[in-house]
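What follows is a short report on a single structure.
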Amino acid sequence: MDHLTTTEAAQLATTWRRLVSAGAAAVTSATIRSWAHRGHLAPCGLDAHGHPLYARRAVARAERATRDRALRLVVTRPT
């Protein structure tokens, strides 16, 4: 699928981010909306309900662009 809803984009970005953070980081739908608001992610169209759709490649670029800062904010707790 080339075009993702906000929820699908969040799920995919979470999968990618958890691969590099040992499962410690997640991307929420609010994060996807924030990326779009801040200009990291541009919608490529709208779904039947008028909600934004995002290209898979654009989600990957936004995830990569924001990853380093996001992972610095992840707090690791001792076990």
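The values are calculated or read from the model by the stated rules, or taken from the named source; none is laboratory data. All values reported here derive from a predicted model rather than from experimental measurement. Accessible surface is based on the protein model in full, side chains and every heavy atom, while ligands, DNA and RNA are left aside. Shrake-Rupley method; radii C 1.70, N 1.55, O 1.52, S 1.80 Å.
Report the gain in length on full extension from R61 to H49: 0.36 nm times residue separation, minus Cα-Cα distance, nm rounded to one decimal.
On the way: separation 12, 0.36 × 12 = 4.32 nm, distance 2.55 nm.
In short, 1.8 nm is gained.
Within the full protein context, the accessible area of H49 is estimated at about 150 Å² for a probe radius of 1.4 Å. Close amide H pairs (under 5 Å, H built 1.01 Å from N) link L53 with C44, G45, L46, D47, residues at least 5 positions away or on another chain.
At 1.4 Å probe size, with the rest of the protein present, what percent of the exposed accessible area of the range 1-52 is carbon and sulfur atoms?
About 55 percent, which is the carbon plus sulfur part of the accessible surface.
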